[in-house]
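Novice: Please see the structure below; I have some questions.
The values are calculated or read from the model by the stated rules, or taken from the named source; none is laboratory data. Keep in mind the model is a prediction, meaning the values are calculated, not measured. Backbone-built Cβ (ideal geometry, glycine too); neighbour counts: all protein chains shown.
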Amino acid sequence: MYLRAGVFSLGLLLLSRALGLLRESAQAAAFGSTGMGDAVIVMFTLPDLLVGILVSGALAYVLLPVWAQQSAGVQAAGQRRVAFALTLGGMLLGLLVWLFRDAVVQALAPGLTGDMKVASAKALGWSALVLPLAMLAALWVTRLQHERDFVGMYAGNLIVNLALVVGLFVVASGAASVAEAPISALSLLGACLVIAMLGRLAWLAWRLPARLQPAAIAETAHLPAASLWLWAALSSGLVLLFPLVARSLASSAGEGALASFNYAWKLIELPLVLAVQLVASLAFPAITRTAEGTPARQQAVGLAFLIAWTLACAAIAVVATFALPIANLLFGWGRMSAASLEVIAQWSTIGIWSLLPQALMAVLLTVMATQGRMHTAVWVLGAGLAALLVAGWLGDANGSRVMWLLNGVFGCMAVVLMLLERRSIKGAFPYLACLVPLLVCVGLVSLKPFLLGFSLILTLIFCSVFGLLVIGSAVMASPVLRGLLREKLNKKSATYAQ
């Protein structure tokens, strides 16, 4: 079904994320869990985070359906108008970031103090400079998504990560000078950030079809109403705010806490993006092709729930059991201390359980999007974000507690969304088939005390076996999955027979 159609996308996304992990590994090697590491993470991630929160999701939600109904000339005209608005908006937003850089640093990394806080504020000038580039890149990525040019979409991220990895290795080679001149080191990395963003923009411009870049366009395009843009931006951007707010809360514990939380969240984010969210995005066309309330819609929604839930259980079984060796493999280089690795492993072991409610939410939001009910999701997400902020400010904001707060908030939001959508998913949620992989996952995690101290090769083998056991249990428990697998095998047998 839709998974087969997404294999190529998954491969490209996996390659992009793998290089992103290499960048995180280079950051950990260069700075460890230090104030400098906090400053670099804020500088590198702020542009794309702001763009993701404000416009990226809205561009896809609003423009893709509109472009599908327009001629090439009208598409080009609309694209030019949006490009002008985004570039101008990026410049204004960058100016605001620069003018209020001290407040931005205080909000995003409250654990930074003294000279490190001053250096981080100055480094935000580079983030502000590339904001217009990031805005324009988001539009062009959406254009390539419309054209189904997956190579163009994901290769742009490869260019960014490659440039930043090179810069990190250059800085790491002069590690002694980093502590003595943090502003110089951050300036060098800031220049690499500008080069990376320009490189991505050049690549995307080259991949755009030539017909979309005419010297003059006579046709005019009418863009959707502002209210549609607002709801689309809120529904897609609020989700991205949760890890950003959680990282800021964890940073209150002092310098280096932001970096530790960031690396712990990476162990959660990778399976979240590759498994859960990709399944939801690929389920979107399968769900929209069926009528509401029909058996076909129930099967499509139920299959999306089961696959996302099962992959979440598989990721939990692996990360919750082998968090420390995985953290050591990815981040245990250079200046990263053993104590910091233990903290990263502990926090990720707690936070990885949030994949279960996030798996449910990803599919529920997809269903709500097909029914035009995203405004309801916005209210739920907004309430959850407010609860996270209040709970974080009322108590001790250490990384473990913040991870538990995220688990609780995501769990509550998933329950609320399930209740609100109970009619649209009635008869679709495969309760028994989801219970089996969860029980297998819990059983495997309980073996953790007996699986410590193995070599890296054996650990990787155990990780693969754990993932296959969870997935296999879901196949055995689900008649739908067994039927699809049997159908696939029969087709292959028939092909070989011919």
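Novice: Are any residues in the range 239-265 under 16 Å from residue 346 (Cβ atoms) and surrounded by fewer than 21 Cβ atoms within 10 Å (Cβ to Cβ), and if so, which ones?
Specialist: 253
Novice: How many residues are more than 19 Å from residue 54 (Cα to Cα) and hydrophobic (A, V, I, L, M, F, W, C) when one looks only at the range 127-151?
Specialist: 3
Novice: In the list 54, 88, 59, which residue meets the criterion of being among the hydrophobic types (A, V, I, L, M, F, W, C) and under 30 Å from residue 347 (Cβ atoms)?
Specialist: 54
Conditions tested, residue by residue: (1) outside any helix (DSSP H, G or I); (2) among the small types (Gly, Ala, Ser); (3) in contact with a helix residue (DSSP H, G or I) (Cβ under 6 Å, 6 or more places away or on another chain).
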| site | (1), (2), (3) |
| --- | --- |
| 423 | yes, no, no |
| 428 | yes, yes, yes |
| 434 | no, no, yes |
| 437 | no, no, yes |
| 440 | no, no, yes |
| 449 | no, no, no |
| 454 | yes, no, no |
| 460 | no, no, no |
| 464 | no, yes, no |
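Novice: Separate question: Taking the range 29-53 as the search range and keeping residues that are outside any helix (DSSP H, G or I) and of a type in the set (S, T, N, Q), which one is farthest from residue 115 (Cα to Cα)?
Specialist: 33
Novice: Further, regarding this structure: Search the range 281-309 for residues that are acidic (Asp, Glu) and pair each with any residue that is at pLDDT 80 or above when their beta-carbon atoms are under 7 Å apart and the residues are at least 6 apart or on different chains.
Specialist: Short answer, once both residue conditions are applied: 292/424.
A quick yes/no check of all residues on (1) at pLDDT below 85; (2) under 21 Å from residue 20 (Cα atoms):
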{"site": "244", "(1), (2)": "no, yes"}
{"site": "259", "(1), (2)": "no, yes"}
{"site": "270", "(1), (2)": "yes, yes"}
{"site": "282", "(1), (2)": "yes, no"}
{"site": "288", "(1), (2)": "yes, no"}
{"site": "301", "(1), (2)": "yes, no"}
{"site": "305", "(1), (2)": "no, no"}
{"site": "310", "(1), (2)": "no, no"}
{"site": "313", "(1), (2)": "no, no"}
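Novice: So residue 64 clears everything in (1) modelled with pLDDT under 80; (2) closer than 28 Å to residue 192 by Cβ except one condition, right? Which one?
Specialist: With (1) modelled with pLDDT under 80; (2) closer than 28 Å to residue 192 by Cβ applied to residue 64, the lone miss is (2).
Novice: Assuming residue 46 fulfils every condition listed in (1) crowded, with 19+ Cβ neighbours inside 10 Å; (2) over 18 Å from residue 201 (Cα atoms) apart from one, which condition is it?
Specialist: Of the numbered conditions (1) crowded, with 19+ Cβ neighbours inside 10 Å; (2) over 18 Å from residue 201 (Cα atoms), the odd one out for residue 46 is (2).
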